[in-house]
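Everything below concerns the one structure shown next.
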Amino acid sequence: MASKRETEKRVRTLRERLETAQAQRNAELCDVILEEIETLEPESPRWPHRRGDLLRQTGRNAEAVQCYERAVILYAHGGFLPRAIAMAKVVAEIDPSRLGLLERIDPSAARELHRRLRPVGVRVAELEPAASVTDAAAPLDPVPDAAPGEVRFSAAPQRPRTLEIELTEVELGERVPAPPPVPQLALDDDSRREAERQACLPLLPLFAEAPTDALLQLARESELVTLPDGALVVRRGDPADALYGIVEGSVRVIVPGMAEEMYPRLTAGDMFGEACMLGNEPRRADVRAEGELTALRVPRQTLNALVRLHRGLADVLFEMLTRRLLANLLHTSRLFAELTPSERREVAAEFELRRARLGTELLVSGKQSDALYITLTGQVEIRGPGVGPRVEGAGMMVGHASILEGSPCDLGVRTLDTLLVLRLPRQAFSRLAMQYPAILMRLAELEPAARVSE
């Protein structure tokens, strides 16, 4: 039996021969070499994947399906659950009779990896069904015994399980290089590190933490999307009808008013299109493929149907939604432009994501505010002394002037929908103001009702 070192040496030699055969466009020799490498590294999914691609390109679809099926099982075994689902859907495209392959995908490795690396992350539990993902947000309930000159809401109640929002480097705005595509990874250690990276991102828990029947429905009803470099994936202003999870490749989120070099870059394991979970909110930005893109498109109706059946899945989606909304705020608001990624993480931890019912008075003219509020969805009506009411959409920040000045509000702000708001309680506001004077200075320059992008 060959030693590990001898096997690695043989694989390196074969990889060099493979590159030469590819340059010569010798498909038959490439197939022979890939078959031998797969024999030497039987636990690696990249070789049956690449061989399947080669066989499919040369019209040998039946053999390609066999290779892809091996890759599906190996991807799942390595923790690459979304990749396994995407590959199973490729198989079903070639041979619809193989749709049952989705039922053979074992999520246990991905689930174990996610729970090991994110011990405080959300776990699926069979709790009471939820009407929607946003129902998982704690409601804003007025405190009955608030002082006469103050509007005060109750603190966020404890959730059934600890929910801590850990933003990744990308979500915090740190410029990180893109990882290499999984099928081309050269070393097993690299594959392991990539699986661990993706386990900390939002896409994996959507599938890995789903109950068995929900996972199967997600896999069956999601659409495999493959797009070339530069293709527009979603367009700003269009109806938000689906959530996208990146399986391979990357995208740029083209945020209006932001410098091009600062556009957020999302890679494998990230998700976008979270507006589909916010009622009838439209797309807020263009998203464009950077290089070849493979993604899973999950229709909104699928998510809504599953959330009504599985409260635990609502919690997973709620955590993902919170991460995306906080990341969007940190990326787009000039308030946080001068903060480092670690400082942004500290700031993000202070915010609460809350649900304000229709008609909630966030601010009342003549009374002090108990928090800074940033509207994320829906519309609010803003009223001031001697000024007719005006309606504003998502992205308004209010309450900061009252806290800064320690005085009653000049404005009244009432919700015109049931909407989501980010809430920074007065005590947390004071801590951040003392810790980050730059934020305090920017807040002092803003109008009592200001857009967060200003």
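Coordinate-derived values only; no laboratory data. Since this is a predicted model, take the numbers as computed values, not measurements. Counting neighbours? That spans all protein chains shown, and the Cβs are built from the backbone with ideal geometry, glycine included.
The calculated FRET efficiency for residue 66 paired with residue 156, based on their beta-carbon distance and R0 = 45 Å, is about 0.30. What shape does the range 325-454 take by its C-alpha gyration tensor, where a ≥ b ≥ c are the square roots of the eigenvalues and a/c under 1.5 counts as rounded, a/b above b/c as prolate, and the rest as oblate? It comes out prolate by the Cα gyration axes. At R0 = 51 Å, how high is the FRET efficiency between residue 427 and residue 301 if r is their beta carbon distance? Nearest 0.05 is fine. For residue 427 and residue 301, the calculated efficiency is 0.80.
Volume per residue for the chain equals 154 cubic angstrom (convex hull of Cα atoms).
Note on the range 389-436: semi-axes of the ellipsoid equivalent to its C-alpha gyration tensor, largest first and rounded to whole Å, are 23, 14, 8. Extents of the range 204-252, taken as max minus min of Cα coordinates on every principal axis and listed largest first, are 36, 24, 16 Å.
Sequence-distant contacts, meaning Cα pairs under 8 Å at least 6 residues apart, place the relative contact order of the range 4-112 at 18 percent. The mean of 1/r over all distinct Cα pairs in the range 334-410, once inverted, gives the Kirkwood hydrodynamic radius of 14.2 Å. Using the Cβ-Cβ distance between residue 146 and residue 338 with R0 set to 22 Å, the FRET efficiency works out to roughly 0.05.
For residue 226, put the label point 7 Å out on the Cα→Cβ axis and report which residues of the range 72-109 keep their amide N under 16 Å from it. Those under the cut-off are 72, 83-96.
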